[in-house]
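Each reported figure results from applying straightforward, stated rules to the coordinates on display, with no laboratory input. Keep in mind it's a predicted model, so treat the numbers as computed, not measured. Don't worry about glycine lacking a Cβ; one is built from the backbone with ideal geometry, like all the others, and counts go over all protein chains shown.
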Amino acid sequence: MAKLDIKGVNNNLVFVFGSGTYDEYLAILQAKIAGNQQLFAGSPVLFQGDGLEGLSREELASLQRFCLDYGMLLNNTFNPVPPRLEKKPAKQETKAVNGDLILYKTLRSGQKVHSDGSIIIWGDVHESAEITAAKDVIVLGRLEGLAHAGCFGNVSSTIFALQLSPRQIRIGDRFSRSSGDLVKNNYPEIAYVEADTICIKEYTSRDTSGR
């Protein structure tokens, strides 16, 4: 029988995954949340436990999206991957073949990441790092490297960062390159295509598509 405990630690809800499968975890979450949605809505959530080892990246992302759908906040203070997996050498290139990709780390110079969906990065993207995504690129930190959203030609994709100062951004087949004298604004910005040109503006919570 699957085991999934929920604990309150330092104003966070910690989901501790024991043995089980993706379907079992999802059923447990649905039952727990259905009984008290107000408790979970708006709460920061951490994923921990050895059971995460048995989940694929897509299954983990699906459970995280389930939490987001119920108004929870994914807290990136801790990496949800079990500690012993962190001892493996980091690969220079990461790829998600299906679905969205969520990374809880900073991308260093020279590292490359690709997703056939959207990419969400809880960290910074250093200069010379590269991100390509078929859909949107979202960086919850500084974006200083190269970011390509809609890499298969989707010009309705967007690029969002808490601090947007990339050396180059691309959306579909459009691109914009840094002049070398970019002002680093201390507020979130979003890049999108309008009239065949990449536009960048300050992001507010009222924005729904960047336009």
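Quickly rank 138-146, 186-194 as a protection proxy: mean count of other C-beta atoms within 10 Å, highest first.
In descending order of packing, they fall as 138-146, 186-194.
Suppose each label sits 7 Å from its Cα in the direction of the beta carbon; what would the Lys32-Val9 distance come out to in nanometres?
Computed distance between label sites Lys32 and Val9 equals 1.3 nm.
How large is the convex hull of the Cα atoms of the stretch 4-74 per residue, expressed in Å³ as a whole number?
Taking only Cα atoms, the stretch 4-74 has a hull volume of 76 Å³ per residue.
Greater than 28 Å separation of Cα atoms is the criterion. Which listed pairs, Lys3/Lys112; Lys7/Lys112; Lys135/Lys184; Lys105/Lys135; Lys105/Lys201; Lys7/Lys135, meet it?
Over 28 Å Cα-Cα: Lys3/Lys112; Lys7/Lys112; Lys7/Lys135.
What is the gain in length, in nm to one decimal, between Arg174 and Phe152 on full extension, counting 0.36 nm per residue of separation less the C-alpha to C-alpha distance?
6.8 nm
Sorted by average packing, counted as other Cβ atoms within 10 angstrom per residue and highest first, what order do 32-40, 59-67 take?
Going from most to least packed, we get 59-67, 32-40.
With the contact rule set at Cα under 8 Å and sequence spacing of 6 or more, what percent relative contact order holds for the stretch 4-74?
35
Kindly identify the stretch 89-202 as rounded, prolate or oblate by the Cα gyration tensor criterion: order the square roots of the eigenvalues as a ≥ b ≥ c, call it rounded if a/c is under 1.5, otherwise compare a/b with b/c, prolate if a/b is larger, else oblate.
The shape class here is oblate.
Could you list Ile119, Ile198 so that the one with the fewest beta carbons within 10 Å of its beta carbon is first and the one with the most is last?
With the fewest neighbours first, Ile119, Ile198 line up as Ile198, Ile119.
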